[in-house]
Amino acid sequence: MNRYPLWKYLLLVLVIAAGSLYALPNLFGQDPALQISTADGLAPDTTAQERIAELLAAREIAVRGTEATDNHLLVRLRSNEAQVRAADELDVALGRDYTVALNLAPATPAWLRELGAEPMYLGLDLRGGVHFLMQVDMDAVVEQAVERYRDEFRRALREADLRYRDIRPQETGLDIAFIDEVTRDAALELLSADYLELAFEASESDQAATLSAEITEDELREIRNFAIEQNITTLRNRVNELGVAEPVIQRQGADRIVVQLPGVQDTARAKDIIGATATLEFRMVDEGNFPYFGDESEPVPPGTERFPERGGGFVLLEREVIITGEAITDAQSGIDTETGQSQVNIRLSGSGGGVMARVTGDRVGDHMAVVFKETELQARRVGDEVIREQVEVEEVINVARIQEQLGSRFRITGLDSSLEARNLALLLRAGSLAAPMQIVEERTIGPSLGQENIDQGMAAVLLGFALVVVFMAVYYKVFGLIANLALFANLILIVAVLSILQATLTLPGIAGIVLTVGMAVDANVLIFERIREELRAGSSTQQAIEGGYGKALSTIADANITTLIAALVLFAFGTGPVKGFAVTLSIGILSSMFTAILGTRAIVNFIYGGRRGVRLAI
Amino acid sequence: MDFFKRETRINFMAYRLHAAIFTALLVAAALAFLVFRGLNLGLDFTGGTLVEVGYPQAVDLAEVRETLDAGGFDGAVVQTFGTARDILIRLGPDAGEGDALSNAVLAALQAANPEAELRRVEFVGPQIGEELAEKGGLALLYALGGILIYVAFRFEYRFAIGAVSAVLHDVIVTIGIFAGIGLQFDLTVLAALLAVIGYSLNDTIVVFDRIRENFIRMRKGTAVEVTDRSINQMLPRTLVTSLTTLLVLIALFTLGGELIRGFALALIIGVLVGTYSSIFVASSAALALGVSKEDLIPPPKEGEDLEEERP
């Protein structure tokens, strides 16, 4: 007798019910929405939220709902027109303290979201947007590091009065030639104490005593990692300027960075901003007028310039720029071990350190300021129209008293909090890219094409599904209908798993789903043909069912495992679109084993299992 | 409905010599196409810039070419993409960097016809192209290796060689056809090719599985008879599965859009070739290598099950 125990039915019902639940959010579509965050990447506070609500109400823009998360406020709107209009209005009213990004927010009902059910994440080819792959020039990074050490060595040796013939940069280190061994050994002692990250080696050649310094493997890795991390930070800051919802900025491999900007339509502008540089300047404060209480209308004394200070007020600075951000090679936040206060440790290039030492040497006790300059996109209202334009913004981000002569390594202390220290370090680093980058791959999908891709993909899925369903029903009658149910359950499970994993659905991913639909029937075809064979061989109905399922099982397993091997290789070697295809194919293979074997058997047992001598409609 | 009221009795293996000659010719032709015509490699592998531009009405390709020539974009390949309203412009890697180039192309086109709308830009740097080609080749090799090991482990090394030669045959013939018709070979086609490997293998394994079963079960019969019987028994399944997969692929090919078309076509060719190869290449190869009953003595437990089930 072909009976399934109750727990198997329960398991099936449970899995399919859970699958349906998690697949459900994909049916609700998306609301046009605005994503508003502060310049620091936080959600607007309650007063700001009220202001936003009032502004929208005043402009008669109907809001479907607002939600605040840790890092942004999401305002759902009723239509695309309302979304664009609201974005313009808010951009003008909120000014540059906030970024307003257009977004499509999933319209998943609250009760589903509480269960953690979210719709699948659509890839760029389906929603439109820009994809850049940037290659960081690592050779240049190492070259810069070697260059920096050369500058530092020169100064250190000069200061210690150790005469050398020349310093020759090598690929990952330096060779210093000295007049005699005594000087060389003194230099070795001096330098090896300060530069633990370098491996020193002394050698003799015909006329010179040479000291070679190699950057160690660990340090090289560190230098490269730092470069790529800093480039990512810089890119992230710039992308924030664009007001893109859900940007992806990720490291890929050793020396590449992926930037994906969904929904960005103006690619030229995206490239401008990504390529734009923020710059930093260190300048002396005009001590005669510090603190400064004037405002914008007052004339400034000759030789000075007025800058707004972040957080309000103005500062008068001397016109001469001591160093720019390019001289900064590293900036890290930390804690002053003596006072317990937050600080930022700054490291300058050799030449930068020299200038800094010269300027600050006789001005201990005076104040020095850091000016941050960047281009920003600002919205402005002209008559009825909202215009967006690039504006150069300059502001003083830090003023500190010089306590001693500064060199190539110094620190800014007395910061209020570790958060402030972190932000300052970030800004100091954000000035320039640590290493030159080059776009090695670019893919831009227009939004209309994205929608077209979704429509075409859906149409293909539906037609393919329909053709298979009709064929199965005609060819295998009742068993065909059962297989169709399994196919449908399979489709739900694939969508559910993709949604739970928050995997990115791409066009090849849809193709993977379609292909699984075609191949998922294979398991059922194998079983049903086997049942037919058994019947032809004269088995009773119950024996035929038992034999059909039993004997087909190992065949199905072998066939699917081999396909799975191919899919896993695809996943391991593929990039982007190919990976998406591999993911859906693998999920499809696994879920089809469940639905096509366990699922159909349960129904077959339910219909035919208890009856002796019944004719199978197959 | 049932196309096969009773088991078919086609002597497939009687034709295995003819099939071998046909297969050899097929592979030779495919290789000849690959060597002499070469693959029309897509942007993914060659590097370069591709710009897709949409117009509200059909445009004249010659005009677009003239505009581009006048704009200084020599050597731009211009073709329609799907419809006459959609055009694809492809520039070699030496034409310039992607970012500046695509904007310049669009500007030139918009100067001639302001309604031109940028739909898609792809720029692949030359080093990425090389890397992808290398990775793709490696992926194929690793997939074949993994399959070889699995089949050798589950069946027997002769079957493994048969399966892998069938798969190699499918890959070569499919790529050969792509080279022959001059269809573009890009990343999605490579993905399709790997899916073909999976599919064709699926087919082959199913037949092998039955051959193994029949070797054990049929007391009499030569290896050729057993193989023939097995292929005949699996014929309904082979054809039905190919048919359902083809139905879906045809849906993808017709409705899936231009981006998916190459992918769908590669799979359609692959399924047809794969169905042929699992009958005539995989089994013939295993036979030619001298698979016999003794090679397939199963672990005792499985054998007992089978004996019991015979009424």
Within the stretch A:470-512, considering residues that are of a type in the set (Phe, Trp, Tyr) and crowded, with 17+ Cβ neighbours inside 10 Å, the one nearest to the chain's Cα centre (by Cα): A:Phe471
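Okay, residues lined up against (1) of a type in the set (Asp, Glu); (2) farther than 18 Å from B:Ser277 by Cα; (3) more than 9 Å from chain A (Cβ to nearest Cβ):
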residue: B:Ile147; (1), (2), (3): no, no, no
residue: B:Tyr150; (1), (2), (3): no, yes, no
residue: B:Phe155; (1), (2), (3): no, yes, no
residue: B:Ile172; (1), (2), (3): no, no, yes
Test: residue in the stretch A:404-418 that is more than 7 Å from chain B (Cβ to nearest Cβ) and assigned to a helix (DSSP H, G or I): yes
Some residue of the stretch A:585-602 being among the small types (Gly, Ala, Ser), without any contact (Cβ under 8 Å) to a residue 40 or more places away in the chain and either under 30 Å from A:Glu118 (Cα atoms) or touching a Ser or Thr at 6+ places or on another chain (Cβ under 9 Å) (or both): yes
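Conditions (1) under 30 Å from B:Met234 (Cα atoms); (2) more than 14 Å from chain A (Cβ to nearest Cβ); (3) modelled with pLDDT of 85 or more, marked per residue:
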residue	(1), (2), (3)
B:Leu41	no, yes, yes
B:Ala84	no, yes, no
B:Ile87	no, no, yes
B:Glu97	no, no, no
B:Val105	no, no, no
B:Glu115	no, no, no
B:Arg16 vs. criteria more than 11 Å from chain A (Cβ to nearest Cβ), of a type in the set (Lys, Arg) and loosely packed, with under 14 Cβ neighbours inside 10 Å: no
Index of the failed condition, A:Asn26 passing every other in (1) under 30 Å from A:Gly95 (Cα atoms); (2) within 30 Å of the chain's Cα centre (by Cα): (1)
Any chance A:Leu126 is closer than 30 Å to A:Gly457 by Cα and touching a residue at least 24 places away in the same chain (Cβ under 8 Å): yes
Subset of the stretch B:202-231 (residues that are touching a helix residue (DSSP H, G or I) at 6+ places or on another chain (Cβ under 8 Å), at negative phi and either of a type in the set (Val, Ile, Thr) or in a loop (DSSP other than H, G, I, E, B) (or both)): B:Thr204, B:Ile205, B:Val206, B:Val207, B:Ile211, B:Ile216, B:Met218, B:Val224, B:Val226, B:Thr227, B:Ile231
Residue in the stretch B:120-131 that is nearest to A:Phe573 (Cα to Cα), counting only those that are assigned to a helix (DSSP H, G or I) and either facing chain A (nearest Cβ under 7 Å) or acidic (Asp, Glu) (or both): B:Glu131
Residue that is surrounded by the most Cβ atoms within 10 Å (Cβ to Cβ) [pool: residues in the stretch B:53-82 that are within 14 Å of chain A (Cβ to nearest Cβ), within 31 Å of the chain's Cα centre (by Cα) and at pLDDT 80 or above]: B:Val53
A:Thr210 being part of a strand (DSSP E or B) and surrounded by 14 or more Cβ atoms within 10 Å (Cβ to Cβ): yes
Inter-residue pairs, beta-carbon under 6 Å, first under 17 Å from A:Asp522 (Cβ atoms) and more than 7 Å from every other protein chain (Cβ to nearest Cβ) and in the stretch A:462-476, second among the β-branched types (Val, Ile, Thr) and buried (at least 21 other Cβ atoms within 10 Å of the Cβ), 6+ apart: A:Phe465/A:Val517; A:Tyr476/A:Ile618
Tally of residues being out of contact with any Phe, Trp or Tyr (no Cβ under 9 Å at 6 or more places or on another chain) and either of a type in the set (A, V, I, L, M, F, W, C) or more than 7 Å from every other protein chain (Cβ to nearest Cβ) (or both) across the stretch A:438-447: 3
Flag if B:Val206 is at the interface with chain A (Cβ under 7 Å from one of its Cβ atoms) and under 29 Å from B:Ala264 (Cα atoms): yes
The stretch B:25-47 residues that are surrounded by 18 or more Cβ atoms within 10 Å (Cβ to Cβ), paired with ones that are part of a helix (DSSP H, G or I) and of a type in the set (D, E, K, R) (beta carbon under 9 Å, 6 or more apart): B:Phe45/B:Glu130; B:Gly47/B:Glu130
Residue within the stretch B:190-201 that is closer than 17 Å to B:Ala286 by Cα, in a helix (DSSP H, G or I) and assigned by TED's automatic domain parsing to the domain that holds B:Ala32 present: yes
Meets criteria (more than 11 Å from chain A (Cβ to nearest Cβ) and more than 17 Å from the chain's Cα centre (by Cα)) for B:Gly256: no
Selection count, the stretch A:548-581, where residues are at pLDDT 90 or above and at the interface with chain B (Cβ under 7 Å from one of its Cβ atoms): 0
Filter result for A:Val285 (of a type outside the set (Phe, Trp, Tyr), surrounded by fewer than 20 Cβ atoms within 10 Å (Cβ to Cβ), in contact with a His (Cβ under 8 Å, 6 or more places away or on another chain) and modelled with pLDDT of 85 or more): no
Single match in A:Asn398, A:Asn453, A:Asn423 (criterion: more than 10 Å from chain B (Cβ to nearest Cβ), touching a residue at least 60 places away in the same chain (Cβ under 8 Å), in contact with a strand residue (DSSP E or B) (Cβ under 9 Å, 6 or more places away or on another chain) and not acidic (Asp, Glu)): A:Asn423
Count of residues meeting criterion [surrounded by fewer than 21 Cβ atoms within 10 Å (Cβ to Cβ) and assigned to a helix (DSSP H, G or I)] in the stretch B:180-189: 2
Qualifying residue in the stretch A:167-183 (condition: in a strand (DSSP E or B), over 31 Å from the mean Cα position of the chain (by Cα) and exposed (fewer than 15 other Cβ atoms within 10 Å of the Cβ)): yes
Meets criteria (within 9 Å of chain B (Cβ to nearest Cβ) and either outside any helix (DSSP H, G or I) or under 22 Å from A:Glu529 (Cβ atoms) (or both)) for A:Ala596: no
Single residue of A:Ala43, A:Ala93 found to be in a loop (DSSP other than H, G, I, E, B), among the hydrophobic types (A, V, I, L, M, F, W, C), modelled with pLDDT under 85 and surrounded by 16 or more Cβ atoms within 10 Å (Cβ to Cβ): A:Ala43
One residue from B:Ile250, B:Ile269 being surrounded by fewer than 19 Cβ atoms within 10 Å (Cβ to Cβ) and either within 11 Å of chain A (Cβ to nearest Cβ) or in contact with a Ser or Thr (Cβ under 6 Å, 6 or more places away or on another chain) (or both): B:Ile250
Residue identified as modelled with pLDDT of 85 or more, within 26 Å of the chain's Cα centre (by Cα), more than 21 Å from A:Gly353 (Cα to Cα) and in a helix (DSSP H, G or I) among A:Leu235, A:Leu220, A:Leu188: A:Leu220
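The values are calculated or read from the model by the stated rules, or taken from the named source; none is laboratory data. This structure is a prediction, so every number in the text was calculated from the model and none was measured. Please note: Cβ atoms are built from the backbone with ideal geometry, for glycine as well, and neighbour counts cover all protein chains shown.
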